[in-house]
Each structure stands twice: as C-alpha cells, then as structure tokens.
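**Student:** Handing you a structure now.
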Amino acid sequence: MTNIVAGRFELQADADAATSEFLREGFKRSQVSSFFLSTPGQHGRFPVGGDRNVSPGARGAATGAVVGAALGALAGLLIGILASPWIGTVGALAATAAGVYLGSLGGALIKLQDKVPEPVAEAYI
C-alpha cells in the first residue's frame, strides 16, 4: 500500500517550497501532487453558481422584493394617473412598470444583510 503525505499551507509559496523539497529528496514529479481548495462560495457546485443552495446573506431579500414591488406599483400607478394627461396611457403604464421594477430592486437591496456569515462545517467523504 502506498503512503500518502498530506500538508495544508496558507500560502501558495509555502506549498511550492514543500513540493520542491520532495523533488530534491528524490521523489519523481509524477509522485508529487499539489492542489488548491477554494474557500466557501467559490466552488460552483450548483448549476446556478456558488456552493450553497441559498446565500445566507440574502435571506429576506425575496420578501423585500415583493413588498417593494407592491409599493413601487402603487407609486408608479399614482404618478402615471396624475401625469396621464401629459404622458398618455402608455406613459402611465410605463411609469407603473418602472415603479414595480425600482420598488422590487430597492426592497431586495434593503433586506440584504451586509455581514459575513460564519463558515459552515461540511463533511467530505
């Protein structure tokens, strides 16, 4: 059975130095491997990206988007109705649509959390 020697390094330069030391000690290049494990959030394990199904910092953003869209629709509709003599029916509809879009964007952004979540321990088998 083959022995496996494993090490964990914070810096790539340290990993390169350890690899070079193995080669100097007589190991063949085909016997030495080095690889990098990316940090959480950078693995891309899901088709939509990332390594989690739901981003911890985005909790509540969907609710904020719905509330913001409703408020934006009301504001856009009110502006559209008041301005309809000058901008017409199409303009009133465009104002309502813009209100929905801007309200949903604003509502989602307000609900986003600006904090770094604690790392989650994961078991790899």
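**Student:** Can you name the residue in segment 1-22 that is of a type in the set (A, V, I, L, M, F, W, C) and part of a loop (DSSP other than H, G, I, E, B) and is also most open to solvent (accessible area, probe 1.4 Å) among such residues?
**Tutor:** This residue is Met1.
**Student:** Would you please list the contacts, defined by Cβ atoms under 7 Å and residues six or more apart or on different chains, that run from a residue in segment 87-113 that is more than 16 Å from Leu74 (Cα to Cα) and without any contact (Cβ under 8 Å) to a residue 60 or more places away in the chain to a residue that is open to solvent by less than 30 Å² (accessible area, probe 1.4 Å) and among the hydrophobic types (A, V, I, L, M, F, W, C)?
**Tutor:** Ala108/Ala61; Ala108/Ala65; Lys111/Ala61; Leu112/Ala61
**Student:** Residues in segment 51-58: is at least one open to solvent by 100 Å² or more (accessible area, probe 1.4 Å), under 30 Å from Tyr101 (Cβ atoms) and modelled with pLDDT under 85?
**Tutor:** Yes - at least one qualifying residue is present in segment 51-58.
**Student:** Next question, about the same structure. Are any residues in segment 84-102 open to solvent by 40 Å² or more (accessible area, probe 1.4 Å) and among the small types (Gly, Ala, Ser), and if so, which ones? First the steps, then the outcome.
**Tutor:** Start the filter on segment 84-102 by keeping residues that are open to solvent by 40 Å² or more (accessible area, probe 1.4 Å), which leaves 84-87, 89-90, 93-94, 97-98, 100-102.
Within segment 84-102, Ser84, Ala94, Ala97, Ala98 qualify.
The values are calculated or read from the model by the stated rules, or taken from the named source; none is laboratory data. Just so you know, these numbers come straight off a predicted model, no measurement behind them. Don't worry about glycine lacking a Cβ; one is built from the backbone with ideal geometry, like all the others, and counts go over all protein chains shown. For accessibility, only protein heavy atoms count, side chains too; no ligands or nucleic acids. Shrake-Rupley method; radii C 1.70, N 1.55, O 1.52, S 1.80 Å.
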